[in-house]
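So the structure is just underneath, and the comments pick up after that.
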Amino acid sequence: MNIDEQIKQALEEEINEIRHDHQVIDANPFKQMKASFKGEMGWMYLLVMAFTTLFALGAFYCVYEFYHAQELKPLLAWAVGIIVLTLLTQISKMWYWSEMGHNRVIREVKVLELQVARLNERVKS
């Protein structure tokens with residue numbers, strides 16, 4: 001087997017793997033989330049999810065304390081806490097979902113690159 005055939009075989013295996021992953025991952029958002037944690041930025045996504053959870057728990061605690069507060073100053077303080085923590089929760093979720101969209105676009109571009117490489121090989125032969 002010459003080097004050209006080995007390269008074609010390797011490309012074929014890579015194309016099949018990317019297509020399979022592409023079909024499985026795009027099936028639902030939970031699979032996309034799982035795939036995002038396996039990449040190079042997985043640690044960052046886990047960190048953001050941990051902070052998002054802490055922000056949400058903090059917001060719920062502020063709601064609880066707001067409900068039980070009797071005076072104006074504590075009511076205002078807990079209300080500010082609710083607003084700030086809710087905004088931080090939403091901002092971190094929006095960042096994560098935009099990153100997932102970014103990852104999906106990158107996967108699509110990789111599939112297109114492989115298809116263009118295959119088409120180029122067909123045109124040359």
- Note on the structure: Under the Karplus relation with 6.51, -1.76 and 1.60 and θ = phi - 60°, whole-Hz ³J(HN,Hα) for region 36-45, x at Gly and Pro, equal 5, 6, 8, x, 5, 8, x, 5, 5, 5
- Volume per residue (Å³) of the convex hull spanned by the alpha carbons of region 3-124 is 94
- Determine, for Val84, Val116, the number of other Cβ atoms within 10 Å of each Cβ, and report the residues in order from fewest to most. Val116, Val84
- Within 10 Å of each residue's Cβ, count the other Cβ atoms and sort Trp97, Trp78 from fewest upward. Trp97, Trp78
- Message: Using a Cα-Cα cut-off of under 19 Å, which aspartates and glutamates could be cross-linked to Lys31, ignoring same-chain neighbours fewer than 8 residues away?
- Response: Glu17, Asp21, Glu40, Glu99, Glu108
- Task: Just need the relative contact order of the chain here, percent rounded to a whole number, with Cα pairs under 8 Å and 6+ apart.
- Result: 26
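FYI, it's all coordinate maths here, none of it is from the lab. Since this is a predicted model, take the numbers as computed values, not measurements. Note that we place each Cβ from the backbone using ideal geometry, even for glycine, and neighbour counts take in every protein chain shown.
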